[in-house]
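Reading through the structure tokens given below for one structure.
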Amino acid sequence: MKKILNGLWTLIRLSFALLFIGGLTYYVIDKIQEKKNLMDIEEYSPKSTLVVPQNQVKRAKYPFIDVHNHQFDMPLKDLSQLVTEMDSLNMAFMINLSGFRGLYLQQSLKNVKKHAPTRFGLFVNIDFEKIDDPDFASEQVAIIEQAVQDGVMGLKVYKSLGLTDRAKNGNRIAINDPRLDPIWKACGDNHIPVLIHSGEPESFWNPKDRYNERWLELRQKPNRYRDPKTNPSFEEVLSEQHAVFAKHPNTTFINAHLGWMGNNLDRLGTHLDRYPNVMTEIGAVLAELGRQPKRARQFFVDYQDRILFGKDAYKVSEYYTYFRVLETDDEYFDYYRKRHAHWKMYGLALPDSILKKIYFKNALRLFPTIDSKLFKPAL
């Protein structure tokens with residue numbers, strides 16, 4: 001018994017010694033870093049000494065339509081506060097892509113109709129993992145048709161299709177799986193667009209090393225890494241998506257996030273040339289445009305009828321950076337989220353004629369049920 005107690009006491013003393021040494025080591029390292037001005041890249045936020053014009057834009061020059069937004073609490077949300085925020089931004093109309101389906105969708109539609117019928121639109125969402133059900137196609141088409149009758153404006157497809165959605169056998173569901181063809185056709189037949197998010201930034205597939213410009217994002221959000229050993233390749237996902245565009249020319253598709261080709265606008269331009277039934281939007285990829293102002297401005301000139309305004313995650317202050325990039329010719333200013341862009345932004349100074357198309361005219365053409373009187377002063 002004495003030996004056991006002595007052994008236990010020795011273990012306790014050893015544990016305390018290790019804790020003391022560990023704490024002391026951490027303290028010493030911290031002091032060395034402080035003395036030598038060493039810090040993590042996440043902490044480093046230098047204030048530029050560059051003296052250039054600074055134009056803070058907190059309200060869009062023209063009323064705009066946000067075609068890519070998510071309000072997950074729409075069934076119960078007090079819309080009055082949201083409308084007040086929208087008014088402060090000059091946002092005339094918001095499309096909530098997260099309409100889902102069933103009771104959730106019905107309650108969302110009811111809330112909008114009762115409290116702000118001219119300010120919001122909803123997209124329906126479907127469950128692709130039911131693909132093996134014997135009545136899958138007919139049931140999904142019925143959901144779409146009923147949703148359109150109820151006032152839904154389109155179908156939103158999340159990135160899970162093509163990446164993580166699985167059939168009953170465990171296999172990944174390809175975006176161009178032929179069993180999904182009735183869904184794309186139904187959207188065309190019912191004259192609603194499909195806003196489809198496929199894939200991720202290509203860097204998410206690349207090695208997580210010092211050469212990866214998305215390293216910080218992959219460090220902060222490690223689940224976003226797409227291990228090539230267990231995931232379809234970036235090119236495979238895009239190829240599947242583009243095959244759907246080609247197969248369904250009578251359906252309008254909105255290729256979300258610049259189709260993840262914002263870092264290669266030549267490729268994106270060729271893509272839009274090849275698929276006249278495709279439009280795109282700038283949600284969550286403004287950082288790609290703001291770092292290449294000359295090329296991006298020319299892209300907006302060339303494809304001014306094919307680009308929509310979108311933001312994605314909703315936060316009022318983040319819209320200011322969108323307005324500043326699109327409207328001003330400011331130089332060397334910060335993006336709002338370091339993991340998306342540790343580089344600086346530059347304004348595109350788009351002409352009014354193009355701004356109006358990006359902000360609302362292109363969307364009005366696509367969604368004719370939106371009340372055009374909201375934009376009357378700017379038309």
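Every number here is computed from the coordinates shown, using simple stated rules; none is lab data. Fair warning: this is a prediction, and the values are worked out from it, not measured in the lab. All Cβ positions, glycine included, derive from the backbone under ideal geometry; neighbour counts span all protein chains shown.
Applied to region 172-189, the Karplus parametrisation 6.51 cos²θ - 1.76 cosθ + 1.60 on θ = phi - 60° returns per-residue 3J(HN,Hα) values of 5, 8, 6, 4, 9, 4, x, 5, 8, 4, x, 5, 5, 5, 4, 5, x, 5 Hz, with x for Gly and Pro. Of interest is the spacing of the C-alpha centroids, which for region 216-237 and region 279-332 amounts to 25 Å.
Compute the long axis of helix 79-89 from its Cα atoms, compare it with the longest principal axis of the Cα atoms of the chain, and write down the angle in degrees, 0 to 90, nearest 10. With rounding to tens, the tilt is 90 degrees. The trypsin sites (Lys or Arg not before Pro) of region 118-206 meeting both criteria, a DSSP state outside H, G, I, E and B (loop) and at most 14 other C-beta atoms within 10 angstrom of the site's C-beta, are 168.
If I model a spin label as a point 7 Å beyond the Cα along the Cα-Cβ vector, how far apart are those points for residue 54 and residue 87 in nm? Each label point lies 7 Å from its Cα, and together they span 3.0 nm.
Once you mark the GluC sites (Glu not before Pro) that are in a DSSP loop and have at most 12 other Cβ atoms within 10 Å, what is the longest gap between them in the chain? No qualifying site falls inside 44-379, the longest such stretch.
Between residue 213 and residue 267, what FRET efficiency comes out of the Förster formula 1/(1 + (r/R0)^6) with R0 = 22 Å and r the beta carbon distance, rounded to 0.05?
Working: r = 17 Å, r/R0 = 0.79.
Between residue 267 and residue 213 the formula returns 0.80.
The charge dipole of the chain, taken about its Cα centre with unit charges on the Cβ atoms of Lys, Arg (+1), Asp and Glu (-1) only, comes to about 1100 debye. Summarising the label geometry, the points placed 7 Å from Cα in the beta-carbon direction at residue 277 and residue 13 lie 8.0 nm from one another. Proximity of backbone amide H atoms, modeled 1.01 Å from N, is registered between residue 334 and 345 at under 5 Å, excluding neighbours fewer than 5 places apart on the same chain.
So which chymotrypsin sites (Phe, Trp or Tyr not before Pro) in region 182-291 pass both tests, a DSSP loop state and at most 16 other Cβ atoms within 10 Å of the Cβ? Numbers along the way, then the final one.
Values: sites: 184, 204, 205, 211, 215, 225, 234, 245, 253, 260; in loops: 211, 225.
Taking region 182-291 and a limit of 16 other Cβ atoms within 10 Å, the loop chymotrypsin sites (Phe, Trp or Tyr not before Pro) found are 211.
Based on the Stokes-Einstein relation at 10 °C and a viscosity of 1.306 mPa s, and on the Kirkwood radius from alpha carbon pairs, region 265-347 is assigned a translational diffusion coefficient of 119 µm²/s.
Taking the Cα centroid of region 104-159 and of region 244-272, what is the distance between the two, rounded to the nearest whole Å? About 23 Å separates the Cα centre of region 104-159 from the one of region 244-272. Measuring between alpha carbons in the structure, the pairs from 77/114; 77/361; 58/315; 58/357; 77/113; 58/311 lying more than 18 angstrom apart are 77/361; 58/357. I'd like the orientation of helix 136-150 relative to the chain: the angle between its Cα long axis and the longest Cα principal axis, in ° from 0 to 90, rounded to 10. Result, in degrees: 70. The loop-placed chymotrypsin sites (Phe, Trp or Tyr not before Pro) in region 89-157, going by DSSP, include none that has at most 12 neighbouring Cβ atoms within 10 Å of its Cβ. Between residue 68 and 95, 311, 312, the built amide H atoms are under 5 Å apart, and every one of these is 5 or more places off in sequence or on another chain.
All Cα-Cα distances of the chain, cut into 10 Å bins from zero to the largest, leave 5, 20, 28, 23, 11, 6, 5, 2, 0, 0 percent in each bin in turn.
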